[in-house]
Amino acid sequence: MTMKLSRKEVEHVAFLSRLALNEREAEEFTRQFNQMFEQFEKLNELDTSQVEPTAHVLQMQNILRQDSVRASLPVDEVLANAPDREDGYFSVPRIME
Amino acid sequence: MIMEYEVVIGMEIHAQLLTKSKLFCGCSTEFGAEPNSQCCPICLGFPGSLPMMNRKAVDHIITTALALNCTVARESIFARKNYFYPDLPKAYQISQDDQPLGEKGYLDIMDSSRRIRIRRIHLEEDAGKLVHTEGEPFSLVDYNRGGASLMEIVTEPDIRSAEEAAAYITELRSILRYIGVCDGNMEEGSLRCEPNISLRLRGAKEFGVKVELKNINSIRAVQRGVAYEVERQSQILNEGGTVIQETRRWDEANGVTISMRSKEEAHDYRYFPEADLVRVVVDNAWLNRMAAALPELPQARRERFIAAYGLPAYDAGVLTESKEIGDFFDKVAAISHDYKAVSNWIMGELMRLLNETGQSLEQTHMTPEVLAEIIALVDKGAINLKSAKEVFEESFRTGKAPSKIVADRGMTQISDEAALSGIIEDVIAANSKVAEDFQAGKEAALGFLVGQVMKETRGQANPAIVNKLLREKL
């Protein structure tokens, strides 16, 4: 099987998603990604030059709301799942600027 | 050898839209609330929550697109821009990639001598705010701003100098305020601008390496920051070096730009359509409604003030910078036809007092009728200019009617020749030496005598009549 997607690209995608892959997983995902690619290659055989790209499968449009304020959550609930908090803030490892 | 470079600047601005609630949920957008007190499952990106778009935010984008001569997309879609950063709880920002709401417009600046093309205007959600404390191993996140409605406006690389960059922001901010879509407050960050700056040899086709500038909190900072960056880059190029593509922040206190040292990852946002939102279709009715509600814009108003009122270009520029002041001028001018006087009062006393008190016009007691009355009192000689300024200030602060202030404070100008005659004779008698100097041809001596008469009348004498009488008697 010719590899359309290299292992390096799979590792890059994993990095962007902050996923740590071990050796076995990197191999396995590379293989699986390439299988998926092949499926899409198959679809690509269809002539879609006359078809508009689909952004959404629903034909609905303009689902909009009025600009009105509703109650927010209590701060304690907002922070309930935070691994760490400080004075009402979420606390995260330092971001360098 | 010093080369001649052409400065190439593109501007990206982010404007917080004036909506009461956020873009996709009902959380308040009020500034200055307790950290994380304006959040809900939608703007925090909790699993299972679904966004629903704020109609007002879309209205604001359409209005802006029209004001900036853009084509409004009849069909627009939203996309997820994916990146990991703690200011983004969902790890993606709902934004627009292809099919933005506005495209291909322009904004004229520098008295219409320069046209800056607008590439696109789109709607997206704002990110949260990060707080870094010096020396601490953590950063703090406040998501109150997260999910608020934000407009991005991107120009083509048409700006050619620091002055043009500042002029562009000034004009754009003025327009956004006129149409009521953004408060334009750069200090609080409701209007943020990020110029990207590069240099190329004059006549070159290729663009040079660009540097993006952040942390610009005022129009003055736009001009200074860009000017600094142009200077820095030309020095590097003149020394045979190469400019590094990076993001730099403007350090206002030291007047320099500093590299942000953020990890220079290739931007890889992997945009894809946001399946939680359906498309927005702008039909003729919607578009026409927005177009009809568009107010007169600053440039048109400037031109009208010059043509209709015969004002100097400078006055027209000052009077139209804010819609509130321009509206006020129109209202006074409808009553008082001494347009230059109206302009002088507004640019002088009114703006001085507004600056001094930090108030907006509607917070004060000044009304078009009051200013028109004061101008009329001066015109018919009832009070002199000095008294008029005192009357103006008192009306501004208390709302008391000018005629009442004049009466209560006994300010009525003395224009009666008989009444002034005696005082003038006394002044001449008491200053015979000066009177003789004048008679000997020393013209300046008259000024001193006029001053003495004014002093005797506590400033209420009509200076023109005093002048005339003095000359007659001498």
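Right, B:THR29: open to solvent by 20 Å² or more (accessible area, probe 1.4 Å) and under 21 Å from B:GLN96 (Cβ atoms) or not? Yes, satisfied.
Residues are listed down the side, and each one gets a yes or a no for (1) farther than 13 Å from B:LEU101 by Cβ; (2) more than 9 Å from chain A (Cβ to nearest Cβ):
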{"residue": "B:CYS25", "(1), (2)": "yes, no"}
{"residue": "B:GLN38", "(1), (2)": "yes, no"}
{"residue": "B:PRO47", "(1), (2)": "yes, yes"}
{"residue": "B:ALA57", "(1), (2)": "no, no"}
{"residue": "B:ILE62", "(1), (2)": "no, yes"}
{"residue": "B:VAL72", "(1), (2)": "no, yes"}
{"residue": "B:SER76", "(1), (2)": "no, yes"}
{"residue": "B:ASN82", "(1), (2)": "yes, no"}
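Yes or no: B:ILE42 in a loop (DSSP other than H, G, I, E, B), among the β-branched types (Val, Ile, Thr) and either open to solvent by 10 Å² or more (accessible area, probe 1.4 Å) or within 14 Å of chain A (Cβ to nearest Cβ) (or both)? Taking the combined requirement at face value, the residue satisfies it.
Would it be correct to say that A:PHE15 is aromatic (Phe, Trp, Tyr) and open to solvent by 90 Å² or more (accessible area, probe 1.4 Å)? Yes; evaluated as a whole, the condition is true for this residue.
Condition check ((1) assigned by TED's automatic domain parsing to the domain that holds B:GLU349; (2) open to solvent by less than 40 Å² (accessible area, probe 1.4 Å); (3) of a type outside the set (Ser, Thr, Tyr)) across all residues:
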site: B:VAL391; (1), (2), (3): yes, yes, yes
site: B:ARG397; (1), (2), (3): yes, no, yes
site: B:GLU425; (1), (2), (3): no, no, yes
site: B:LYS468; (1), (2), (3): no, no, yes
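One residue alone among B:ALA419, B:ALA435, B:ALA440 is open to solvent by less than 30 Å² (accessible area, probe 1.4 Å), out of contact with any Asp or Glu (no Cβ under 9 Å at 6 or more places or on another chain) and either more than 22 Å from B:ALA376 (Cβ to Cβ) or in contact (Cβ under 8 Å) with a residue 12 or more places away in the chain (or both), and that residue is B:ALA435. A:PRO74 meets all of the listed conditions (1) more than 7 Å from every other protein chain (Cβ to nearest Cβ); (2) closer than 30 Å to B:ALA33 by Cα; (3) open to solvent by 90 Å² or more (accessible area, probe 1.4 Å) but one, namely (3).
Evaluation of B:GLY10 against the conditions (1) open to solvent by less than 20 Å² (accessible area, probe 1.4 Å); (2) more than 7 Å from chain A (Cβ to nearest Cβ); (3) closer than 20 Å to B:GLU274 by Cβ shows that the sole unmet condition is (3). Mind checking whether some residue in the range B:453-464 is within 30 Å of B:GLU393 (Cα to Cα), of a type in the set (Val, Ile, Thr) and touching a Leu at 6+ places or on another chain (Cβ under 8 Å)? Yes. I'd like to verify a number: residues in the range A:50-70 that are more than 26 Å from the chain's Cα centre (by Cα) and within 8 Å of chain B (Cβ to nearest Cβ), how many? Looking only at that region, the number is 6.
For the range B:193-239, a residue qualifies if it is under 15 Å from B:GLU12 (Cα atoms), assigned to a helix (DSSP H, G or I) and hydroxyl-bearing (Ser, Thr, Tyr), but none of them does.
So for the range A:33-46 (the condition being more than 7 Å from chain B (Cβ to nearest Cβ), within 30 Å of B:LYS20 (Cα to Cα) and either open to solvent by 80 Å² or more (accessible area, probe 1.4 Å) or not hydroxyl-bearing (Ser, Thr, Tyr) (or both)), does at least one residue qualify? Give the steps one after another, and end with the answer.
Here is the first cut: in the range A:33-46, the residues more than 7 Å from chain B (Cβ to nearest Cβ) are A:33-46.
Checking the rest, the ones that are also within 30 Å of B:LYS20 (Cα to Cα) come to none.
Scanning the range A:33-46 turns up no residue that is more than 7 Å from chain B (Cβ to nearest Cβ), within 30 Å of B:LYS20 (Cα to Cα) and either open to solvent by 80 Å² or more (accessible area, probe 1.4 Å) or not hydroxyl-bearing (Ser, Thr, Tyr) (or both).
Filtered by the rule that a residue be of a type in the set (D, E, K, R), more than 20 Å from B:CYS40 (Cβ to Cβ) and modelled with pLDDT under 95, the range B:82-107 gives B:ASP97, B:ASP98.
When we screen B:ASP183, B:ASP97 for residues that are open to solvent by 40 Å² or more (accessible area, probe 1.4 Å) and under 19 Å from B:ILE216 (Cβ atoms), the only hit is B:ASP183. The single residue among B:GLY208, B:GLY225, B:GLY189 that is assigned by TED's automatic domain parsing to the domain that holds B:ASN82 and either among the acidic types (Asp, Glu) or over 17 Å from B:VAL7 (Cα atoms) (or both) turns out to be B:GLY189. A count restricted to the range B:297-310 and to residues that are open to solvent by less than 60 Å² (accessible area, probe 1.4 Å) and either touching a Lys or Arg at 6+ places or on another chain (Cβ under 7 Å) or under 22 Å from B:LEU107 (Cα atoms) (or both) stands at 7. In the condition set (1) closer than 23 Å to A:SER72 by Cα; (2) of a type in the set (Val, Ile, Thr); (3) outside any strand (DSSP E or B), B:ILE94 is compliant with all but (3). One residue stands out in the range B:282-296 among those that are more than 17 Å from the chain's Cα centre (by Cα) and charged (D, E, K, R): the one that is least open to solvent (accessible area, probe 1.4 Å), namely B:ASP283.
The values are calculated or read from the model by the stated rules, or taken from the named source; none is laboratory data. This structure is a prediction, so every number in the text was calculated from the model and none was measured. Cβ sites come from the backbone with ideal geometry, for glycine too, and all protein chains shown count toward neighbours. With ligands, DNA and RNA removed, areas are computed over all heavy atoms of the protein, side chains included. Shrake-Rupley method; radii C 1.70, N 1.55, O 1.52, S 1.80 Å.
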